[in-house]
Amino acid sequence: LAGVPGFPLPTIHTQQAYAPDDTFTAKWTRADALQIKAHSNPSVTPGQNSLPAQLIMPDIPADFPTINPDVWVWDTWTLIDKHANQFSYNGWEVIFCLTADKNAGYGFDDRHTHARIGFFYRRAGIPAARRPANGGWIYGGLLIPEGAQNQVFAGTTYTITAEWSGSLRLLDPHDNRVSLFYTDMAFNRDASGQDITPAQAVITQSLGQIHADFRHVWFTGFTTHTPLLRPDGVLYQNGAQNPYYNFRDPFTFEDPNHPGVNYMVFEGNTASQRGTPNCTEADLGYRPNDPHAETVQQVLDSGAYYQEAAIGLAVAEDAAMSKWKFLTPLISANCVNDQTERPQMYIKDGKYYIFTISHRTTYAAGVDGPDGVYGFVGKGIRSDFQPMNYGSGLVLGNPTDLNQAAGTDYDANPLQNPRAFQSYSHYVMPGGLVESFIDTVETRRGGTLSPTVKVAIRADASVVDLRYGNAGLGGYGDIPANRAAINVRAF
Ligand code: FRU
């Protein structure tokens, strides 16, 4: 492999599989992430997209429709089985979204501390072209009876709780029992919104039942909330080590190579005291004598060690999935990026892909990349994962000019691409379809579902399929089921 002149070569990753309970952690290295910059055009007109077109989501039009007038919508997931098939239930497609009340007087940027899991449904089996432009989703209300999520924090001090992302398992396609895995959050904040003590993040299970008749879909249950995992400070960073720790977004699955065992991937950070200059040669990942390698000292001097994301793994210790044990992180991004969010295990053609979402603004000093989806491929659920697409990790970015400062979604850099924050929180569905939410398009805020796009995935590479939908953009919120659950007892 020749590499890009002026840049280091990516780290060699073998994709070799290890036992799930091994202590091997794959590294998304600086040498890997630098391939994104290496493949970015340094001389585009300011505000254009500088990244390779086949890895970039097409432009979302600024006149996008919205899913619902009353609730902001962002992170969204589907009704899945242990293999991430997504089910319709008795003829209805169902999605679960983080929602916040639009009428309560706060804006989209205040949503995180008010987040509640809501659900939407629509008739299954109708092609996107025959649906309303906004996808035709009917809002069903909140999943969890208000206040039930607080039981996890009994005896602790907090001022407000929120429900953050997770996943929902249909436990048996022939009945109506479902298991919600989500992030139960409690904040202890003063009147100006500053943390008095670090937020508590608890990966939590709650059981419920889905119901449907000819008119609508509804849920019961979700009254008991079982805390499953709190960061231990040994494998996963906790609030005592870093008040800004990330610990959330559980996604459960079964590995066909370990039938009967339930695993969970989640967002975490490498356990260590915040500010400890602890990145190593291996985190940098340069090949011996690479003339473009940085030294460990140079990287530490840049402060890059404040960014230490990790994709976690846990294993269920009972069939009910109510007891879990941490295993060693699957991937770390020490001195590379601080957030690898909503990770999912995606098994295709005998390969194991981990997809995760990340931000430009959470990159460490000296490395850069757009907001969007990142992907890693290996031969087992724990592998020496190889970052996809010329070793970089980038799979589906927002149109971004890496030569210009990022700005923010709420306060744009006028020189930046006006779609650098167009979408986030992507989830890769069966067949390579990718759903996400709209954040900001040309300063218009979204809080609604993006047009679905499609990525073609082959071995360690992917491209955006521009033949899908309208020049690559499918229907807004087009989130189709690929399996049908029929519960005859419900009729
Ligand atoms: C991704 C995310 C998730 C978290 C949620 C909180 O958009 O940061 O990691 O669960 O948003 O709103």
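The values are calculated or read from the model by the stated rules, or taken from the named source; none is laboratory data. The structure presented is a predicted model; accordingly, all values stated were derived computationally and were not measured. Neighbour counts are summed over all protein chains in view; Cβ atoms, including those assigned to glycine, are modelled from backbone coordinates with ideal geometry. SASA here: full protein model, heavy atoms, side chains in, ligands and nucleic acids out. Shrake-Rupley method; radii C 1.70, N 1.55, O 1.52, S 1.80 Å.
Numbers below:
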item	result
Within segment 318-338, considering residues that are buried (at least 19 other Cβ atoms within 10 Å of the Cβ) and not in a strand (DSSP E or B), the one farthest from the ligand (Cβ to nearest atom)	335
Test: residue 103 is farther than 14 Å from residue 76 by Cβ, in contact with a strand residue (DSSP E or B) (Cβ under 6 Å, 6 or more places away or on another chain), open to solvent by 30 Å² or more (accessible area, probe 1.4 Å) and not in a strand (DSSP E or B)	no
Residue 344 in contact with a strand residue (DSSP E or B) (Cβ under 6 Å, 6 or more places away or on another chain) and modelled with pLDDT of 95 or more	yes
Residues satisfying the stated conditions in segment 198-226, i.e. surrounded by fewer than 15 Cβ atoms within 10 Å (Cβ to Cβ) and under 19 Å from residue 152 (Cα atoms)	223, 224
Subset of segment 57-74 (residues that are open to solvent by less than 20 Å² (accessible area, probe 1.4 Å) and either within 15 Å of residue 427 (Cα to Cα) or hydroxyl-bearing (Ser, Thr, Tyr) (or both))	57, 73, 74
Selection within segment 441-476 - open to solvent by 10 Å² or more (accessible area, probe 1.4 Å), among the hydroxyl-bearing types (Ser, Thr, Tyr) and in a strand (DSSP E or B)	476
Scan of segment 11-36 for residues that are crowded, with 19+ Cβ neighbours inside 10 Å and not small (Gly, Ala, Ser), ordered by number	11, 13, 18, 25, 27, 28, 29, 30, 32, 34, 35, 36
Residue match in segment 248-265 (condition: in contact with a Gly (Cβ under 7 Å, 6 or more places away or on another chain), at pLDDT 95 or above and aromatic (Phe, Trp, Tyr))	no
Residue that is farthest from the ligand (Cβ to nearest atom) [pool: residues in segment 357-390 that are open to solvent by less than 10 Å² (accessible area, probe 1.4 Å) and small (Gly, Ala, Ser)]	380
Residue ID - surrounded by the most Cβ atoms within 10 Å (Cβ to Cβ), chosen from residues in segment 130-160 that are closer than 28 Å to residue 244 by Cα and of a type in the set (Phe, Trp, Tyr)	153
Any hit, segment 161-171, residues being open to solvent by 20 Å² or more (accessible area, probe 1.4 Å) and at pLDDT 95 or above	yes
Residues (open to solvent by 40 Å² or more (accessible area, probe 1.4 Å) and not in a helix (DSSP H, G or I)) located in segment 481-491	482, 483, 484, 486, 491
Subset of segment 46-75 (residues that are under 25 Å from residue 461 (Cα atoms) and within 16 Å of the ligand (Cβ to nearest atom))	57
Number of positions in segment 256-280 that are of a type in the set (Val, Ile, Thr), farther than 20 Å from residue 26 by Cα and buried (at least 19 other Cβ atoms within 10 Å of the Cβ)	0
Test: residue in segment 316-336 that is under 14 Å from the mean Cα position of the chain (by Cα) and at pLDDT 95 or above	no
Residues of segment 179-197 classified as within 16 Å of the ligand (Cβ to nearest atom) and in a strand (DSSP E or B), total	10
Out of 410, 424, sole residue that is closer than 22 Å to residue 107 by Cα, under 19 Å from the mean Cα position of the chain (by Cα) and open to solvent by 10 Å² or more (accessible area, probe 1.4 Å)	424
Filter pass, residue 110 being modelled with pLDDT under 95 and either within 16 Å of the ligand (Cβ to nearest atom) or part of a loop (DSSP other than H, G, I, E, B) (or both)	yes
Filtered residue count, segment 238-255, keeping only those that are away from the ligand (no atom under 15 Å from the Cβ) and not hydrophobic (A, V, I, L, M, F, W, C)	8
Top-ranked residue of segment 403-456 - restricted to ones that are charged (D, E, K, R) and within 30 Å of residue 348 (Cα to Cα), ranked as nearest to the ligand (Cβ to nearest atom)	439
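Residue-by-condition table, conditions (1) open to solvent by less than 70 Å² (accessible area, probe 1.4 Å); (2) without any contact (Cβ under 8 Å) to a residue 40 or more places away in the chain:
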{"residue": "233", "(1), (2)": "yes, yes"}
{"residue": "239", "(1), (2)": "yes, no"}
{"residue": "249", "(1), (2)": "yes, no"}
{"residue": "254", "(1), (2)": "yes, no"}
{"residue": "282", "(1), (2)": "yes, no"}
{"residue": "285", "(1), (2)": "yes, no"}
{"residue": "292", "(1), (2)": "no, no"}
{"residue": "312", "(1), (2)": "yes, no"}
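Yes/no matrix, rows are residues, columns are (1) under 28 Å from residue 432 (Cβ atoms); (2) in contact with a helix residue (DSSP H, G or I) (Cβ under 6 Å, 6 or more places away or on another chain):
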{"residue": "386", "(1), (2)": "yes, no"}
{"residue": "404", "(1), (2)": "no, no"}
{"residue": "410", "(1), (2)": "no, yes"}
{"residue": "414", "(1), (2)": "no, no"}
